[in-house]
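Written out below as structure tokens is the structure these notes cover.
The values are calculated or read from the model by the stated rules, or taken from the named source; none is laboratory data. Source: prediction; values computed, not measured. A quick note on method: Cβ atoms are made from the backbone with ideal geometry, for glycine too, and the neighbour counts reach across all protein chains shown. Keep in mind that these areas ignore ligands, DNA and RNA; they rest on the heavy atoms of the full protein, side chains included. Shrake-Rupley method; radii C 1.70, N 1.55, O 1.52, S 1.80 Å.
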Amino acid sequence: MLRAIWLLILLAVGVWAALFLRQMGGTVEISVGSTFIGIPVWLGLLVLVVGFVVLHGILSAWKSIRGWPARLRARRAERHRRDGDAAVTRALVALAAGTPDQARLEIRRARGLLGDTPHTLLLTAEAERMAGRNDAANEAFRALAARDDGKFLGLRGLLRDAMQREDWPAAQRLAREAEAAQPGAAWVKEERAALALRTRDWREALALSPPGQLSGHRRAALALSAALQEPEPAKAAALEKEALSADPGFAPAALAVARRQTAEGSPRRAKTTLQTAWTVAPHPDLAAAYLGEEADALARVKAAEALTHDNRAHPESRLVLGRTALAAGLTGRARAELEGLVSSGTADRRAYLAMVDMDAVELGDSAVGRAAEAKWLRAAAAAPPEPRWQCLSCGTGHSAWEPLCEACGTPGRIEWTGAASAKAEKGAVTAAG
Ligand SMILES: [Zn+2]
């Protein structure tokens, strides 16, 4: 609208100027040599304007003709990109739907239209992998890894494949390259930690796991595993302490720390370490280490009392007190502990077998003694089994804690399992559900 008004004003000014010039009269004279041309001023101006318009039109037409092939090419590229994008979308849908053959068809079309871009290469690799053609997938990943913009994506795919093939040296090399391509990437860190676990490099696995990610117990197990691998005593000692502070109730860590303290000439500190661990989580190995050097039966009772002082009511405390008292001939004391334990309902098989021993000492080889023995043996058979080290992954029992279950190869799954812990686990599941 505004433009039309301006044009109208311009036109009016032009007409007015033409009329004005016509009224004014006058001529434009051009003389070339002896030739002489004279035209009125208004006609001269008209010729100039028309000449300008015609020249402008010719130049515009020429420019348009010259740009024709480029415009054609741009239009074709635009069409290719549109069709290529549509093929990529269809390929993604096919991948999501789990139809790799359809996806491969669409990606081949997209690659023909768009060329080898990070998107098309990545989709090619994923579709080939889904179709079970790992060689073709790796070829695409390698092409991706050779590019600057797709290097990390390519390395990631190759690393995943190497880990699946359990080719650990190749996986470690690829993980290092991926770390260099994308420093600090969380995914690489996780993969390197998983790799360290698979290659049993516990120290590396511990270093790579961020502080908040592992549970205290898991961290303790890893730190103790690393300590077992560490040749330098000072570093091993630090790792053992790290394990114990991560999980103060982890008996193997407490035992390792106490053993080192004894070796360094501080048996009192070692005893304090074992006592503290017992207060958090009693374990028969702690009692065995604590009572180990006491040869005298009465001294063993005293030592058991000292060990269990701060966790007196725990079934494991009562069992160790009952057994040491029985061994020292303090049958009254032993009976009080063991009967209390049996009637509490938290006793496992060991308590009933201790009752058998006690009745054998007290009643001897008599009819009453034999009847009592039969009664306790029946109760022992029905009682929950004693706790033990067990792989939670495959269920294999182990005589001691180990970093890795040799039966199934799973690291960090050997746990102290028994009636109490099974009950606690069940309770936790019920509470969670
Ligand atoms: Zn196992």
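Taken as Cα centroids, the range 354-395 and the range 251-316 sit 25 Å apart, rounded to the nearest whole angstrom. Per residue of the chain, the DSSP helices (runs of n ≥ 4 H) give a summed -39500 (n - 2.57) that works out to -23500 deg cm²/dmol at 222 nm. Would the range 297-394 count as rounded, prolate or oblate if I go by the C-alpha gyration tensor, calling it rounded below 1.5 in a/c and otherwise prolate when a/b exceeds b/c, oblate otherwise? Oblate shape, in that a/c is at least 1.5 and b/c is the bigger or equal ratio. Against the chain, whose longest principal axis is taken from its Cα atoms, helix 68-96 shows a tilt of about 20°.
In this structure the chain gives 59 Å² per residue of accessible area when probed at 1.4 Å with all protein chains present. Remark: relative contact order (the range 131-242) = 14 percent; criterion is Cα-Cα distance under 8 angstrom and separation of 6 or more residues.
If you take the Cα centroid of the range 88-111 and the Cα centroid of the range 1-55, the two points sit 68 Å apart. If you take the square roots of the eigenvalues of the alpha-carbon gyration tensor of the range 126-170 and sort them as a ≥ b ≥ c, do you get rounded (a/c under 1.5), prolate (a/b over b/c) or oblate? Because a/c hits 1.5 or more and a/b fails to exceed b/c, the range 126-170 counts as oblate. Between the Cα long axis of helix 216-229 and the first principal axis of the chain there is an angle of about 80°, rounded to the nearest 10. Counting only protein heavy atoms and using a 1.4 Å probe, what share of the accessible area of the chain belongs to carbon plus sulfur, as a whole percent? After summing per-atom areas, the C and S share lands at 60 percent. Note on the chain: Kirkwood radius taken over Cα pairs, Stokes-Einstein applied at 20 °C and 1.002 mPa s, translational D equal to 70 µm² s⁻¹. Shape verdict for the range 229-344, please, from the Cα gyration tensor: rounded (a/c under 1.5), prolate (a/b greater than b/c) or oblate. Prolate, because a/c is 1.5 or more and a/b exceeds b/c. Among the trypsin sites (Lys or Arg not before Pro) within the range 194-286, those in coil by DSSP and having at most 16 neighbouring Cβ atoms inside 10 Å are 200. Can you tell me the orientation of helix 168-181 relative to the chain, as the angle in degrees between its alpha-carbon axis and the longest Cα principal axis, to the nearest 10? For 168-181 against the chain, the angle is about 50 degrees.
Pairs exceeding a 27 Å alpha-carbon distance, out of 189/235; 235/271; 271/375: 271/375.
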